[in-house]
Structures are given as structure tokens and as C-alpha cells.
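Student: The structure is given below, and queries will be raised subsequently.
The values are calculated or read from the model by the stated rules, or taken from the named source; none is laboratory data. What you see is a predicted model; the values in this text were computed from it and never measured. Because the Cβ atoms are built from the backbone with ideal geometry, glycine has one as well, and the counts that use them run over all protein chains shown. In case anyone asks, the SASA skips ligands and DNA or RNA and just uses the protein heavy atoms, side chains included. Shrake-Rupley method; radii C 1.70, N 1.55, O 1.52, S 1.80 Å.
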Amino acid sequence: MNEQLQIRIHGDAALPTLVYLPGLHGDWTLVSSFRAAVAGRVRFIEFTYPRTVTWTPTDYAAAVTDALSANGIAQGWLLAESFGSLPAWELLSGAGRQPGTRPGPVAARFKVLGLVLAGGFVRHPMPWGARWMRRAGEWLPMSLYRRLLRGYACYAKFRHRNAPETLASIGEFVARRTAPDREAMRARLRLVA
């Protein structure tokens, strides 16, 4: 499985930095219209998580910090969507570490100026729901999963009819939902629970 975090940077370095930590789906495919709405007002940093089943929230935080540091980004606001709140809290605590190495602080490499939770949480309000969704994902055959995704794509075309950037990325969102991607989402659900 791909264990590389991917990063995209939009906007001028002189602008305030907003770092988007995606939700359970783990990528930037559904944040396109928001990115367009904030263009010119913030430097928007977005990630796609690796399709790993072994990382902890600390590993996610360390990988994000490493990518930010590698790109000379030392401070900014976090926008944590759903699952993204888990690595966000790790970034705030400074408890991140290099994946596969001994613990060490990350706070010195990235200063969090503020946190916005978009469907995020301190502690998930229904951990039993996350456990149920993970189990449902194990039982659901890939063929039915693909049909559900096609149904979602039809609904999304209606839902995002006034959001052309998101509408344009629905095909990519559906295409990324592969078997390894499902395994990674189930692993993230286990962390949420």
C-alpha cells in the first residue's frame, strides 16, 4: 500500500496559511469548492493520506509536520474535517513523531495558530457508530460498494450542481475508492472508535 502522504500547496506564501486535514475518505477530492472560495485570501495546504492500515494519529501528525517542514511552512491554522481532528489534536499537543521512530516533539517545527473543526471532534460522540461502520465495510462486497459509489456520484452531481470545482472532482473521488482505500478507511474508523 502507498504509505506516502501527498501535499498540494495553493496560494502565495505571504498569505495566512490554512492546512486542511481531510476526513475519513483521506483526500482532497471534495474540498475543491472551498479551496476556490478561499483562493487569494489564504495559502491553502491540502493533503491526501496514504492508504495505510498501520498508522496512528501520531504517525499522521508527524507525516503532516514533515511535509509542512519540507515545504518551509512553519505556522498556520488547521482545518480538520472529521477524522482529520485526530491528527490535529496530535499536532496541537506536539506529540508527533517520525513514523517508525522513537517519540519526539513536532511543535518546534510547526506552530498551530488555531484550529477549526469541520465535523471534527475532541472525542467521537458515538464510538459504537464508528465500530459499526468499520464492520459494515468489512461485510460489504466490493461490487455493492461500487454500486453505492455510483449512486453517490449521481446524488453528488445534484448536490454540488452550484459548486463546479467539486462537481469536477466527483469522478476522481469515486475512482480513488479502491479496495486498499477501503482498508485504509476501516483502519481510520478503528482509530476513531
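Student: Inside the range 124-193, counting only helices (runs of 4 or more DSSP H) that do not spill past its ends, which hold 1 or more residues that are open to solvent by 50 Å² or more (accessible area, probe 1.4 Å) and of a type in the set (Ser, Thr, Tyr)?
Tutor: Correct list: 142-159.
Student: Just give me the residues in the range 18-31 being open to solvent by 20 Å² or more (accessible area, probe 1.4 Å) and within 17 Å of THR65 (Cα to Cα), in sequence order.
Tutor: LEU18
Student: Then there is this: Kindly provide the set of residues from the range 14-33 that are aliphatic (A, V, I, L, M), out of contact with any Gly (no Cβ under 7 Å at 6 or more places or on another chain) and under 12 Å from PHE44 (Cβ atoms), ordered by number.
Tutor: Within the range 14-33, LEU15, VAL31 meet the criteria.
Student: Any residue in the range 134-152 that is modelled with pLDDT of 90 or more, more than 30 Å from THR17 (Cβ to Cβ) and of a type in the set (Gly, Ala, Ser)?
Tutor: Yes: one or more hits.
Student: For VAL106, all conditions in the list (1) within 20 Å of the chain's Cα centre (by Cα); (2) at pLDDT below 90; (3) in a helix (DSSP H, G or I) hold save one; what is the number of the exception?
Tutor: Here VAL106 clears every test but (3).
Student: Those residues that are touching a residue at least 40 places away in the same chain (Cβ under 8 Å) and among the aliphatic types (A, V, I, L, M), I need them from the range 32-54; list them, please.
Tutor: ALA36, VAL53
Student: Sticking with this structure for a sec: Among the residues of the range 32-68 satisfying the criterion of being assigned to a loop (DSSP other than H, G, I, E, B) and touching a helix residue (DSSP H, G or I) at 6+ places or on another chain (Cβ under 8 Å), which is surrounded by the fewest Cβ atoms within 10 Å (Cβ to Cβ)?
Tutor: THR54
Student: Are any residues in the range 151-193 of a type in the set (Val, Ile, Thr) and farther than 15 Å from ASP27 by Cα, and if so, which ones?
Tutor: Across the range 151-193, the qualifying residue is only VAL192.
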